[in-house]
Amino acid sequence: MFPKPPHNEKELLSRIAAGDEYAFSELFDHYRPNVYTTALSMTGREWQAEEILQDTFLKVWLKRESLGEVLNFGGWLYTIAERLTLNAILFHNRLQEKSREYAYIEKNGEAGDPDLILMEKQYEQALREAIDRLPEKQRQAYHFIKVLGMKREEAAKRLRVSPETIKSNLDQALKNVRAFCLARIEFCLFYWSVAGCLTFFLEAVPPISISGCHMI
């Protein structure tokens, strides 16, 4: 359940609609815990909950000029977060399914769909290249969280840094990986359409940073 709106929410929304980044930060801080917790409870993955949180508020910022028309901001925000979360779950499940299919084809030596195999190899190559290009600290955070599936605190302990440092490095790593893949959009878009995930991919608009709230 989302928290009660801040006492000055109407004023904040009006200021945000006018482009006030400080008001946006205040609203972000108020709703952040609940958006994150909701996404985490549905996905079970911290890194994905962080992405959903930031994508949710990115949409708020991009739609700021129409905030005056929103009668129930908390309900509207929850709808955005829920839709992004369901899309993320669908995306993850389909990607896992395609990965299993591809692994089965390789293991059993079946020909499979040549186009699908080619696109998957191209995507994997682009992803590997994007990860290889990351600075060392970002690459370590990405590996421990996204590849090994560690919790933020566990990764921080292994790397002997704070959980906040892990979060910061992972945020920047995800931003850089996404930007690199978008630069390869010619074949990435085809890959996502084959996987049935084109809609979700197109919603992943380029990252921005707003008043200290790093958006991925």
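The values are calculated or read from the model by the stated rules, or taken from the named source; none is laboratory data. Keep in mind it's a predicted model, so treat the numbers as computed, not measured. When we count neighbours, we look across all protein chains shown, and the Cβ atoms used for this are built from the backbone with ideal geometry, even at glycine.
Has the range 85-96 got any residue that is in a helix (DSSP H, G or I) and in contact with a Pro (Cβ under 7 Å, 6 or more places away or on another chain)? Checked the range 85-96: no residue is in a helix (DSSP H, G or I) and in contact with a Pro (Cβ under 7 Å, 6 or more places away or on another chain). Here the range 31-67 is the region considered, the condition is being among the small types (Gly, Ala, Ser) and within 12 Å of residue 89 (Cα to Cα), and the residue that is surrounded by the most Cβ atoms within 10 Å (Cβ to Cβ) is 39. Scanning the range 141-157 for residues that are over 18 Å from the mean Cα position of the chain (by Cα) and either closer than 18 Å to residue 175 by Cα or surrounded by 13 or more Cβ atoms within 10 Å (Cβ to Cβ) (or both) turns up 154, 155, 156, 157. When 209, 193 are checked against the criterion of being at pLDDT below 65 and more than 15 Å from the chain's Cα centre (by Cα), a single residue qualifies: 193. Which helices (runs of 4 or more DSSP H) sit wholly inside the range 1-84 and have at least 3 residues that are touching a Gly at 6+ places or on another chain (Cβ under 8 Å)? Per the criteria, 9-17.
Close contacts from the range 75-89, counting a first residue that is farther than 17 Å from residue 31 by Cα and a second that is among the acidic types (Asp, Glu) and in a helix (DSSP H, G or I), with Cβ to Cβ under 8 Å and a gap of 6+ residues or different chains, come to 87/203; 88/51. Restricting to the range 11-49, name every residue that is in contact (Cβ under 8 Å) with a residue 60 or more places away in the chain, over 20 Å from residue 76 (Cβ atoms) and in contact with a helix residue (DSSP H, G or I) (Cβ under 7 Å, 6 or more places away or on another chain). Of everything in the range 11-49, those that are in contact (Cβ under 8 Å) with a residue 60 or more places away in the chain, over 20 Å from residue 76 (Cβ atoms) and in contact with a helix residue (DSSP H, G or I) (Cβ under 7 Å, 6 or more places away or on another chain) turn out to be 46, 47. With the structure loaded, tell me whether residue 22 is exposed (fewer than 15 other Cβ atoms within 10 Å of the Cβ) and either charged (D, E, K, R) or over 14 Å from the mean Cα position of the chain (by Cα) (or both) or whether it fails that test. Criteria met by residue 22. Cβ separations smaller than 8 Å between residues 6+ apart or across chains give the following pairs from the range 139-158 residues that are more than 15 Å from residue 51 (Cα to Cα) to residues that are among the aromatic types (Phe, Trp, Tyr) and at pLDDT 90 or above: 150/144; 154/144; 155/144; 158/144.
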